[in-house]
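The values are calculated or read from the model by the stated rules, or taken from the named source; none is laboratory data. None of the values given here were measured: they were computed from a predicted structure. All Cβ positions, even for glycine, are placed from backbone atoms using ideal geometry, and neighbour counts span all protein chains on display. Ligands, DNA and RNA are stripped out before the accessible areas are found, and what is left, the full protein with its side chains, is counted by its heavy atoms. Shrake-Rupley method; radii C 1.70, N 1.55, O 1.52, S 1.80 Å.
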Amino acid sequence: MAVTGDTATFVIAAGPRATRSVATVDDIEPELVGFVRTAVRWLDPRFPQTGRRGPRERGAWTDDEQVETEMVQVEELAPDGRGLRIIRLYRITPPDGPYAGAIRIIALGAANNARLELRWNFVASETEVRGTSAELTVDGARHVECVEDFRSWFDTVGN
């Protein structure tokens, strides 16, 4: 499904790669980072393909329904300050799991105010992390190519 608004295109996928199971979020993060670094090059051919990982920032809050959310954020930036922000969110409900969560990879500093964010939604238990869907938000001159890459990665059988 693709929705195009005034500023960005939003696409959801639930193919085999989007719904796969891994032992931990650490196991899939490098693939998601690789996808974002590749796809953002459609929007900004000079976007840095590497960066230095900064310190982790942690946070937690309880929402209006009394559901606790834990967050871990880190940035991987090139010397020019452009790169990625990686955010992991875990909703701690029910108390013994499984927990709903997401990992978001956001491109920072793309040329011409282009924007790209990938979100991989999952359910985590003590034994596995199972993807439930992937979402792409993209805005920029070559956003159609980003959407095609996203669909190829996350909707196509055999990836």
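Quick notes
- In the full protein context, the stretch 1-129 carries 55 Å² of accessible surface per residue, based on a 1.4 Å probe and ignoring ligands, DNA and RNA.
- As a rough guide to protection, the peptides 107-116, 25-34, 61-70, 134-143 ranked by mean Cβ packing within 10 Å, highest first, stand as 134-143, 107-116, 25-34, 61-70.
- Over all projection directions, the Cα-based convex hull of the stretch 84-124 averages an area of 2.8 nm².
- Between the stretch 70-94 and the stretch 107-159, the Cα center-to-center distance that results, in Å: 15
- Angle of helix 143-154 to the longest C-alpha principal axis of the chain, folded into 0 to 90 degrees and rounded to 10: 40°.
- The calculated FRET efficiency for R53 paired with D96, based on their beta-carbon distance and R0 = 35 Å, is about 0.65.
- P(r) for the chain, from all Cα pairs and a bin width of 5 Å, is 2, 9, 17, 20, 19, 17, 10, 4, 1, 0 %, short bins first.
- On Cα atoms only, tilt of 25-43 relative to the major axis of the chain in degrees: 20
- Semi-axis lengths, largest first, of the ellipsoid equivalent to the stretch 113-159 are 26, 14, 5 Å, with √(5λ) applied to each eigenvalue of the Cα gyration tensor.
- Taking the accessible area of the chain, probe 1.4 Å, and keeping the other protein chains in place, the carbon and sulfur fraction comes to 49%.
- Computed Rg/Rh of the stretch 36-110, alpha carbon atoms with Kirkwood Rh: 1.11
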